[in-house]
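In what follows, a single structure is set out as structure tokens and then discussed.
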Amino acid sequence: MAQLKKLTKIGWRGIVVEVPEDWAVASIGGEDHPEYIRIDDPYGSSYVEIKWWVRPKPTLILEDALESFLARIEKEARKKKISLNLRKKKAPPYLERSDRETLVFSWRSDKKGIGRVWYCKTCGKIVMAQVAGTNIPPGASHILSTIEDHSQTGKNLWALYGLQVEIPEEFKLSDQKLLAGYIQLSFNGPHKTRLKVERYSIAERFLAGYEFSDWAKSEFIKRSRGFSLSLYEESFRGHLALGGKGKRKLVGSLPLLGEIIKLYSWYCEQEDKIFLLEMRAKKDIMIFEEVKESIRCHS
Amino acid sequence: MPFLRKKTLALSKKEALWTLPIRNPYLEWSKNEEGEAVIQIPRRKDWVGKVLSLIFNPPEKRQLVLDKIGTMVWDLADGEHTFEEIVRTIKKEFKLTRREAEVGVAAFLRELGKRKLIVLAVRKEEKNEAKRQNI
């Protein structure tokens, strides 16, 4: 099998795929069905496209899903007045997995693509994936075989632009900010738990000459208005970290039963990045620590 | 009206990576004590500039101070480095992902381009090189 450069994982809404290290997410679909992600190589010559139905209608069958997808490619070719060569077949035995029902396809026009569409018997998703472009990489088929449509651990991997974090499956993405230099993923979980994972690149620019602990303190204070917050400093993976925990206050600093806030931030000097985690919940749960431990900051 | 629209040069992503950002040679610029690039931007000389100067009496030149990253991009925009090379340098220097560096540099150059502080040049041979290497 043709070898690819070093691979990295991209994880989004329960789908995980391994792509060459310098490929990056170029487009993501909303909460509409189907969900969608496209990952491009740095030169715009090839890409991976994944489309998936989390809860497909019982009437949706693999062939139909594939047909509608290929119809788009046919339409594009017609528009450009170029010939299109399409092939589709049942997956050969070496591609078969016991938990999947798979069809494979390939096409060639001014670009070319190879892909697979399958129904996962474990999670019920229908997933369609293809590697396409003017110059598809030699290990395209390997990329397709790395796609996982459900987690084995009960936690989804969210990984893009170098950020990697594992979030329990029951937490749903509520908001995202994917900016150059700043990433924020917000999740809503059971019992009105809200979780936010943030990463600041080029931390030096955000610190603007301040010490990390001062920056983090002022950030925590801003975020915990209405809470009585107690702070602590510690070392986390060899980095200086600041944590904060508090309860919502009604009058002065009198703590009342109710919502709690947890904050944690550390500065990874090796990568010049600041990570910040925020959780608001009705009760203190262990998830916060688990999520914190799952974040990869430097290799 | 469509026929009056300015024609813009449409570049593919591959070609865009091979463009050469070049600083406007008519601009004066220097570095301050912090090593940041300070660009002197002259007042507009067209009729809009003349009208505005009658109303607001702005100074002849205004300064634009670039931050550390901006200065590095500005330094590299010497017509010798391609967009691709600038992205690679910024990625390495500031420990960014390829995408972060690319988006950041592109947005910054676009902004400088709008203000006519830089231009993007495409060399024929580099365009062919991009095709040859099929990237």
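Any read-out appearing in this document is the output of simple, stated calculations on the displayed coordinates, not a laboratory observation. Everything numeric in this text was worked out from a predicted model, so none of it was measured. We place every Cβ from the backbone using ideal geometry, glycine too, and count neighbours over all the protein chains shown.
The ranking of A:V127, A:V16 by Cβ neighbour count inside 10 Å, starting from the fewest, reads A:V16, A:V127.
For the stretch B:1-95, state which trypsin sites (Lys or Arg not before Pro) are in a DSSP loop and have at most 11 other beta carbons lying within 10 Å of their beta carbon.
Details: sites: B:R5, B:K6, B:K7, B:K13, B:K14, B:R23, B:K31, B:R43, B:R44, B:K45, B:K50, B:K61, B:R62, B:K68, B:R88, B:K91, B:K92, B:K95; in loops: B:R5, B:K6, B:K7, B:R43, B:R44, B:K45, B:K95.
Within the stretch B:1-95, the qualifying trypsin sites (Lys or Arg not before Pro) (loop, at most 11 other Cβ atoms within 10 Å) are B:R5, B:K6, B:K7, B:K45.
Its DSSP H runs of at least 4 residues, each contributing -39,500 (n - 2.57), put the calculated 222 nm mean residue ellipticity of chain A at -5000 deg cm²/dmol, to the nearest 500.
Direction-averaged shadow area of the convex hull around the Cα atoms of the protein assembly as shown, nm²? Don't skip to the answer; put the middle values down first.
Working: hull surface 115.9 nm².
The Cα convex hull of the protein assembly as shown, projected and averaged over all directions, gives 29.0 nm².
Applying the Karplus relation 6.51 cos²θ - 1.76 cosθ + 1.60 with θ = phi - 60° to the stretch A:177-182 yields 3J(HN,Hα) values of 10, 10, 10, 5, x, 8 Hz, where x marks Gly and Pro.
Mind checking the stretch A:199-268 for GluC sites (Glu not before Pro) that DSSP puts in a loop (not H, G, I, E or B) and that have at most 13 other Cβ atoms within 10 Å? The partial results should precede the final answer.
Values: sites: A:E204, A:E211, A:E219, A:E233, A:E234, A:E259; in loops: A:E211.
The qualifying sites are A:E211.
Shielding by partners for B:89-98, please: the mean number of other protein chain Cβ atoms within 10 Å of each residue's Cβ.
That works out to 5 on average.
Projecting each Cα onto the charge dipole of chain A (Lys/Arg +1, Asp/Glu -1 at the beta carbon, about the Cα centre), which of A:A129, A:S45, A:S68 comes out farthest on the positive side? Positive-most Cα among the choices belongs to A:S68. Full extension of the chain segment joining A:Q176 with A:E293 gains 40.0 nm, where the gain is 0.36 nm per residue of separation less the Cα-Cα distance. Starting from the 7 Å offset along Cα-to-Cβ, what nm value, one decimal, do you get for the label separation of A:E101 and A:K249? Result: 6.0 nm between the two label points.
A crude spin-label estimate for the pair B:I55 and B:S30, with each label 7 Å from Cα along the Cβ direction, gives 3.3 nm. Compared with the dominant principal axis of the Cα atoms in chain A, helix A:212-223 is inclined by about 90°.
In this simple spin-label model, placing a label point 7 Å from the Cα along the Cα-to-Cβ direction at both A:S68 and A:K81 gives a separation of 3.2 nm.
Computed from Cα atoms, the angle from the helix A:62-80 axis to the main principal axis of chain A rounds to 80 degrees.
For A:E211 and A:R237, calculate 0.36 nm times their separation in residues minus their Cα-Cα distance, and state this gained length in nm to one decimal. Write down the numbers at each step before the final one.
Working: separation 26, 0.36 × 26 = 9.36 nm, distance 1.85 nm.
Gain on stretching A:E211 to A:R237: 7.5 nm.
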